[in-house]
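Since the structure comes first, as structure tokens, the remarks are kept for the end.
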């Protein structure tokens, strides 16, 4: 599955294949992952690795909201907490291919280890995602 990480000055972009989450998602993914486990198939555990990687990004309902806003997740279950529970349930005892997202994880970790990029990203997120930002613009122009 094609995934990319594009670091920039203040904001990095992680692009992942989209997935719609509904009542059929868990059984469908579990069947696909079971098929990947068949010894007759030569594969790189792409589905298992993707589900495991997504689960590493989804710890709480806010993470689901961010992934929905980014177009990665389509939530047809209703609540974001339900999506968190679904991925936690699916992810038990998964054995992903450690090489599948190794480079991507390394690039993300490398980017987050640079202190000033992390600080700039937090500043950017705080300032530009704030409800108070529009009210600060006229004040900053006057100053």
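Observations, loosely collected:
- Placing dummy labels 7 Å off each Cα toward the beta-carbon, the span from residue 56 to residue 89 is 2.4 nm.
- Computing FRET efficiency as 1/(1 + (r/R0)^6) for residue 20 and residue 114, where r is the C-beta to C-beta distance and R0 is 25 Å, gives about 0.10.
- Computed from label points 7 Å out along Cα-Cβ, the spacing between residue 46 and residue 13 is 2.3 nm.
Taken together, the values in this text are just the output of simple stated rules run on the coordinates, not laboratory data. Predicted model, so just to flag it, every value in this text is computed and none were measured. So basically every Cβ, Gly included, is an ideal-geometry build from the backbone, and we count neighbours across all protein chains shown.
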